[in-house]
Amino acid sequence: MSNLYSSILAVRDLKMYFPVRRGVMSRTVGYVYAVDGVTFSMDKKEILGLVGESGCSKTTLARTILMLEKPVSGQVLFDGKDLFKLRRRELAGLRKRLQIIFQDPTASLNPRMNILDILTEGLLQYGMVEGDRETHARKLLAEVGLDGDVIYRYPHEFSGGQRQRISIARAISLRPDFIVCDEPVSALDVSVQAQIINLLLDLRERYDLSYLFISHDLSVVGYIADRIAVMYLGRMVEVGPAGDVVEDPLHPYSQALLSAATAPGVYRKKRIILSGETPSPVAPPPGCVFHPRCPKSMPVCRKEVPRETVSGKRRVWCHLC
Ligand SMILES: Nc1ncnc2c1ncn2[C@@H]1O[C@H](COP(=O)(O)OP(=O)(O)O)[C@@H](O)[C@H]1O
Ligand code: SF4
Ligand SMILES: [Mg+2]
């Protein structure tokens with residue numbers, strides 16, 4: 001486990017709830033308990049893979065870390081500073097060090113802006129353009145393996161893989177330390193996925209970047225990540241070195257998730273089919289939130305929330321561990 005104090009990012013007991021509103025007065029009648037007590041940390045240059053079924057709050061967790069959602073409680077320490085306690089001026093300096101790459105570059109790149117404007121918009125805002133804008137943009141394109149002559153073209157003139165390279169160039173333009181990659185290759189052809197992943201790995205080495213790498217594809221996460229965190233219904237259930245989690249998951253939910261994966265080297269046990277649907281995050285089950293679907297559920301699981309168990313570099317939240 002990373003040391004909370006030497007890490008680039010430390011998230012402590014983070015909670016983020018969306019209000020559920022009803023009626024003409026938009027009265028709050030409940031909450032979507034989207035992120036409910038998440039604690040983890042990341043070292044400089046580390047890639048943490050974040051996995052879990054759709055709707056388990058991977059994106060909401062990432063958005064809260066990036067200050068795009070307001071938490072109910074908890075802390076996000078970036079380089080030792082509590083992001084939600086900083087003054088506006090300090091925040092502006094830090095904000096550029098945290099960036100995001102989205103799944104769909106078509107939606108995240110403004111179709112009316114040319115590549116030059118897309119790549120230098122943030123740089124101009126922070127007064128970071130070195131030399132002339134064109135030269136700076138060409139350098140950024142070279143960093144992501146694109147020809148500098150395309151700076152006056154528009155996003156629709158590129159393939160999906162090229163657009164994702166442009167998104168990556170924009171993300172690194174402000175020289176960040178930490179990038180959320182939210183399903184960055186899920187929309188791309190398999191042949192292009194490997195190129196983008198290798199580009200991200202090269203850039204990590206070149207700029208000492210840390211990535212929170214969200215993906216539903218366990219073979220991709222197993223390849224790129226140093227550690228893997230498994231989420232279920234807004235909570236972490238297991239965190240550990242990628243190889244260990246992929247080959248020998250300890251939490252019953254991780255075991256079920258990995259048993260469904262087809263990637264080579266991944267947990268080779270009989271496929272575990274979970275019964276029932278994922279419960280609603282508006283009314284999460286008491287005790288262990290996984291208990292209604294867990295094949296190993298015990299009476300205690302219905303009453304008591306499992307505490308964190310640390311074993312070497314593994315952390316698991318289960319009464320069995
Ligand atoms: N703006 C929002 N308002 C209310 N609920 C939301 C909002 N955004 C996401 N949610 C809910 O929060 C939960 C987590 O969503 P999300 O973070 O997108 O999951 P994931 O990225 O793992 O698929 C889901 O139940 C989703 O419906
Ligand atoms: S705490 Fe109980 S219900 Fe939850 S994962 Fe462990 S065994 Fe299953
Ligand atoms: Mg998502």
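With respect to the conditions (1) surrounded by 19 or more Cβ atoms within 10 Å (Cβ to Cβ); (2) on the phi > 0 side of the Ramachandran plot, Gly80 lacks only one, and its number is (1). Whenever a residue of segment 287-302 is of a type in the set (Gly, Ala, Ser), its partners that are more than 16 Å from ligand 1 (Cβ to nearest atom), lying with C-beta atoms within less than 7 angstrom and at least six residues away or across chains, give the pairs Gly287/Cys301; Gly287/Arg302; Gly287/Lys303; Gly287/Glu304; Gly287/Val305; Ser297/His291. Could you please let me know if Met128 is in a loop (DSSP other than H, G, I, E, B) and modelled with pLDDT of 95 or more? No; evaluated as a whole, the condition is false for this residue. Only one of the numbered conditions (1) in contact with a Phe, Trp or Tyr (Cβ under 9 Å, 6 or more places away or on another chain); (2) at pLDDT below 95; (3) among the polar types (S, T, N, Q); (4) over 16 Å from Val180 (Cβ atoms) is not met by Thr135, and that is (1). Among the residues making up segment 83-109, a single one is part of a loop (DSSP other than H, G, I, E, B) and exposed (fewer than 12 other Cβ atoms within 10 Å of the Cβ): Arg87.
Being surrounded by fewer than 17 Cβ atoms within 10 Å (Cβ to Cβ) and assigned to a helix (DSSP H, G or I): is that true of Ser167 here? Talk me through it step by step, then tell me what you get.
Numbers: surrounded by fewer than 17 Cβ atoms within 10 Å (Cβ to Cβ): no; assigned to a helix (DSSP H, G or I): yes.
So Ser167 does not fit the description; no.
In segment 115-128, which residues are of a type in the set (A, V, I, L, M, F, W, C) and surrounded by 18 or more Cβ atoms within 10 Å (Cβ to Cβ)?
Filtering segment 115-128 down to residues of a type in the set (A, V, I, L, M, F, W, C) leaves 115-116, 118-119, 123-124, 128.
Scanning segment 115-128 gives Ile115, Leu116, Ile118, Leu119, Leu123.
Taking residues in segment 157-174 that are more than 15 Å from Gln103 (Cβ to Cβ) and at pLDDT 95 or above, and partners anywhere that are part of a helix (DSSP H, G or I) and basic (Lys, Arg), not one pair has Cβ atoms closer than 6 Å while being at least 6 places apart or on different chains.
Evaluate the following for Ala142: is it more than 16 Å from ligand 1 (Cβ to nearest atom), free of Cβ contacts under 8 Å to residues at least 12 places away in the same chain, of a type in the set (Gly, Ala, Ser) and out of contact with any Pro (no Cβ under 6 Å at 6 or more places or on another chain)? Considered against the rule, which asks whether it is more than 16 Å from ligand 1 (Cβ to nearest atom), free of Cβ contacts under 8 Å to residues at least 12 places away in the same chain, of a type in the set (Gly, Ala, Ser) and out of contact with any Pro (no Cβ under 6 Å at 6 or more places or on another chain), Ala142 comes out as yes. Hey, any hits in segment 305-320 for a residue that's in a helix (DSSP H, G or I) and more than 21 Å from Phe213 (Cβ to Cβ)? No: segment 305-320 contains no residue that is in a helix (DSSP H, G or I) and more than 21 Å from Phe213 (Cβ to Cβ).
Scan segment 46-56 for residues that are over 16 Å from Ile100 (Cα atoms) and touching a strand residue (DSSP E or B) at 6+ places or on another chain (Cβ under 7 Å) and the total you get is 3. Looking at the structure I just gave you, is Asp244 among the acidic types (Asp, Glu), more than 24 Å from Gly37 (Cβ to Cβ) and in contact (Cβ under 8 Å) with a residue 60 or more places away in the chain? No; evaluated as a whole, the condition is false for this residue. Mind checking which residues of segment 42-77 are away from ligand 3 (no atom under 14 Å from the Cβ) and more than 26 Å from Val220 (Cα to Cα)? Those that are away from ligand 3 (no atom under 14 Å from the Cβ) and more than 26 Å from Val220 (Cα to Cα): Met67, Lys70, Pro71, Val72, Ser73, Gly74, Gln75, Val76, Leu77. Beta carbons closer than 7 Å, at least 6 apart along the sequence or on distinct chains, pair a first residue in segment 55-68 that is basic (Lys, Arg) with a second that is outside any loop (DSSP other than H, G, I, E, B) and within 8 Å of ligand 1 (Cβ to nearest atom) for Lys58/Ile214; Lys58/Met231. Restricting attention to segment 22-40, the residues that are modelled with pLDDT under 95 and either within 12 Å of the chain's Cα centre (by Cα) or of a type in the set (Ser, Thr, Tyr) (or both) add up to 2. Residue-level analysis places Arg112 outside the set of residues that are within 16 Å of Leu203 (Cβ to Cβ) and either among the basic types (Lys, Arg) or at pLDDT 95 or above (or both).
Of the residues Pro264, Pro281, Pro249, Pro285, only one is within 16 Å of ligand 3 (Cβ to nearest atom), outside any helix (DSSP H, G or I) and either at pLDDT below 95 or not β-branched (Val, Ile, Thr) (or both); which? Lay out the reasoning, then the answer.
Working: Pro264 fails: within 16 Å of ligand 3 (Cβ to nearest atom); Pro249 fails: within 16 Å of ligand 3 (Cβ to nearest atom); Pro285 fails: within 16 Å of ligand 3 (Cβ to nearest atom).
When all the criteria are applied, what remains is Pro281.
Checked across segment 177-187, the condition of being crowded, with 16+ Cβ neighbours inside 10 Å, of a type outside the set (S, T, N, Q), over 16 Å from Ile47 (Cα atoms) and under 18 Å from the mean Cα position of the chain (by Cα) holds for at least one residue.
The values are calculated or read from the model by the stated rules, or taken from the named source; none is laboratory data. Given the structure is predicted, the values throughout are model-derived calculations rather than measurements. Counting neighbours? That spans all protein chains shown, and the Cβs are built from the backbone with ideal geometry, glycine included.
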